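Below is one structure, written out as structure tokens; comments come after it.
What follows draws every value from the coordinates through simple rules; no lab data is involved. These numbers were taken from a predicted model, which means no experiment stands behind them. All Cβ positions, glycine included, derive from the backbone under ideal geometry; neighbour counts span all protein chains shown.
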Amino acid sequence: MKLTSLLLVAGLTVAALPSPLLAAKASPPTTEVEPATPADPEQAKLSAAKRKVLELPEIASAQQQAKADRALAAKTSAEYKHARTKAAESEMAYRKAFDETLAKQDPEAASIQKKQRDAFREKMLKARTEKKASAGKPAAANPDSATDGDPERSER
């Protein structure tokens, strides 16, 4: 008896309540327009206004355009990732062919190039390690990072 009277006060009937089986089969609710509870007149007013706005043709058109643009962005992103992968594979094939041909042309030049690449990698790893170490420190605490060793920059 109490449940029925509470439901009547809230404006609901027992038939309006979803059963657990129906709730499991229901699709997830949309966030565009949420039903208002009669106890909150501001929410009811907002929901009614949202429904009216969503019915306007220019809003529906803008919503469709936004969906189309999101789909296009997702497609473009996938194409971009594919193109970057393909470019990286192509670059690796080029470097391999270049290194092999250089080694055939002049074995000494190939060893010099390998030493230079190894030195560059070490330099980059050292710079990365220093950057991580100084990440939490203020810029004034590490004067070399602000100028990068450039005397002209330190004078400015």
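The table below gives the values:
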item: Dimensionless Rg over Rh [segment 53-130; C-alpha; Kirkwood]; result: 1.42
item: Separation in nanometres of the label points that stand 7 Å from Cα toward Cβ, at residue 59 and residue 135; result: 4.5
item: Net length gained if the chain between residue 91 and residue 117 were fully extended (0.36 nm per residue, minus Cα distance); result: 7.8 nm
